[in-house]
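The values are calculated or read from the model by the stated rules, or taken from the named source; none is laboratory data. All of these numbers come straight from a predicted model, not from anything done at the bench. When we count neighbours, we look across all protein chains shown, and the Cβ atoms used for this are built from the backbone with ideal geometry, even at glycine.
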């Protein structure tokens, strides 16, 4: 795809999950639908009981060595706009183009394709919170998000509170001194981070969409949770969850985001 807003290909992609995802996304006509920046991404990973988690998920779980995981993904989405239409379409999207996100996702498979499933997504845009369920089948919830992810090396601090149902997530994250690099092939980090299909279900509508970006440049992070009631009040599987690690990435300036398809 010759698109000046496309993410740069950083390093060889042949044989990586990223390259496979790129081919899969472009196999459908009219893809991608949107371009957006994903900035200052923090992923916090938990191991949970597979049986308790499966009761919360309408798709078959994807397990790593028989283990089930849920990840929190906090980031800022910036400048989302249609791939086509130039400045005019970007101007139309300005009301929902930039906002903070907290995704709670797990790992699923459907018809031999492996991806993620969002248990919930809190975001700071009231308008976007209304549009997501109707268009992409996304379980959006309005949140009060106070996020300080500005520093390149941390610490990051954030609070996310459900604007309707209560509960809060309060965390502080610091990074190790290692250089940014892609995940090691075959590692748990790669399995958790290199995901490019989202299988969704909201309001009785089961849909999926695909995304693409180069492999995540990442480093390990140390996260302290000061309040996790946002999780324990919403999902039983978090009662005995075990935090197993975290990763930070500066993200990308241009991520390809596909259109929704029915499951």
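Counting only residues that are farther than 23 Å from residue 248 by Cβ and in contact (Cβ under 8 Å) with a residue 60 or more places away in the chain, give me the strands (runs of 3 or more DSSP E) lying completely in region 178-229 with at least 2 of them.
Fully inside region 178-229 and qualifying: 197-202, 205-212.
Note on region 135-157: among residues that are at pLDDT 80 or above and more than 13 Å from residue 122 (Cα to Cα), the one that is surrounded by the most Cβ atoms within 10 Å (Cβ to Cβ) is 156. Across region 113-132, the qualifying residues are those that are buried (at least 19 other Cβ atoms within 10 Å of the Cβ) and under 21 Å from residue 94 (Cβ atoms), and the one among them that is modelled with the highest pLDDT is 121.
When the criteria are applied in full, residue 135 meets the requirement of being outside any strand (DSSP E or B) and under 19 Å from the mean Cα position of the chain (by Cα).
May I ask you to list the residues in region 179-208 that are over 16 Å from residue 73 (Cβ atoms) and touching a helix residue (DSSP H, G or I) at 6+ places or on another chain (Cβ under 7 Å)? The answer is 184, 202, 203, 207. Applying the set (1) over 19 Å from the mean Cα position of the chain (by Cα); (2) farther than 27 Å from residue 137 by Cα; (3) modelled with pLDDT under 95 to residue 242 leaves exactly one unmet item: (3).
Being within 26 Å of residue 65 (Cα to Cα), at pLDDT 95 or above and surrounded by 20 or more Cβ atoms within 10 Å (Cβ to Cβ) is a property that residue 191 lacks. Filtering region 106-121 to residues that are free of Cβ contacts under 8 Å to residues at least 60 places away in the same chain and either within 21 Å of residue 82 (Cβ to Cβ) or in a strand (DSSP E or B) (or both) leaves 106, 109, 121. Does residue 247 count as at pLDDT below 95, under 14 Å from the mean Cα position of the chain (by Cα) and buried (at least 16 other Cβ atoms within 10 Å of the Cβ)? So residue 247 fails the test. Counting only helices (runs of 4 or more DSSP H) that sit completely within region 1-103, those holding 1 or more residues that are modelled with pLDDT of 95 or more correspond to 17-26, 50-54.
Residues that are within 28 Å of residue 80 (Cα to Cα) and touching a helix residue (DSSP H, G or I) at 6+ places or on another chain (Cβ under 8 Å) within region 29-68 comprise 31, 32, 43, 45, listed in sequence order.
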